[in-house]
Amino acid sequence: LTIVQSLFASMSGVLSHHERGNVHLALALWLGGTMVASTFAGAWWSRSVSSEVLLALFAVLAIVAAGLMLMPPTVVDGESDAEAISFGRARAVVTGIVIGFAGGMVGQSGAFMVVPAMIHVLGIPVRTAIGTTLGVVVLAALAGTAGKLSTGQVDFRLALALVPPAIIGARIGARWSGRVRADVLRRSLAVIIAATAVRICVDLFGRSS
């Protein structure tokens with residue numbers, strides 16, 4: 001359900017960010033294209049892993065991602081067009097493989113990992129990282145959703161209920177992000193990711209008890 005929601009939310013949000021020039025299409029294709037295969041592989045393999053292990057993996061990834069988002073970015077946001085920003089293709093491919101597989105495992109397209117990776121590994125400005133991540137997520141979520149569908153892990157009734165609100169919410173959020181300072185966006189995302197990690201840890205503790 002999570003990866004289906006991610007697919008439609010990212011499709012809605014990337015259109016809005018692209019209109020504002022915050023999407024690096026070349027980077028999205030290199031990173032997202034690599035993540036397609038690895039996300040599908042992670043989603044397919046996750047069927048043989050217990051839900052407790054998947055939750056623990058999700059929590060660890062979220063904690064690491066939140067910590068990275070609290071660190072100062074390596075590149076300060078400027079006024080240049082996103083397409084003019086350079087990046088290392090080999091590094092993007094390796095990053096895509098690792099994040100794609102992990103995201104597919106935990107039922108996520110990897111957005112919460114892609115943003116900090118773009119900022120701290122690839123040296124992409126915050127706003128461009130956020131906008132481009134949505135483009136990456138569209139490709140990765142397509143593969144992840146296919147993997148979950150092929151193994152019968154998607155409840156269509158619940159998925160259909162999640163899609164319309166996800167599309168509307170992503171569109172609204174993308175528009176509001178243009179009015180918020182980059183450092184506020186980065187810290188806000190860190191808080192959201194950290195809160196998710198805490199919630200998952202609570203679930204794990206409850207199961208173990």
### Summary
If you go through 190, 170, the only one that is within 18 Å of residue 70 (Cβ to Cβ) and at pLDDT 80 or above is 190
### Task
For residue 55, state whether it is assigned to a helix (DSSP H, G or I), in contact (Cβ under 8 Å) with a residue 60 or more places away in the chain and either surrounded by fewer than 18 Cβ atoms within 10 Å (Cβ to Cβ) or touching a helix residue (DSSP H, G or I) at 6+ places or on another chain (Cβ under 7 Å) (or both).
yes
#### Entry: Options 186, 175; residue that is farther than 25 Å from residue 36 by Cα and open to solvent by less than 40 Å² (accessible area, probe 1.4 Å)
186
### When residues of the range 138-157 are limited to those that are in a helix (DSSP H, G or I) and open to solvent by 70 Å² or more (accessible area, probe 1.4 Å), the one modelled with the lowest pLDDT
142
### Residues (part of a helix (DSSP H, G or I), over 17 Å from the mean Cα position of the chain (by Cα) and exposed (fewer than 15 other Cβ atoms within 10 Å of the Cβ)) located in the range 17-52
19, 45, 47, 48, 51, 52
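The values are calculated or read from the model by the stated rules, or taken from the named source; none is laboratory data. Note that the structure is predicted; figures quoted are calculated from it, not measured. All Cβ positions, even for glycine, are placed from backbone atoms using ideal geometry, and neighbour counts span all protein chains on display. For accessibility, only protein heavy atoms count, side chains too; no ligands or nucleic acids. Shrake-Rupley method; radii C 1.70, N 1.55, O 1.52, S 1.80 Å.
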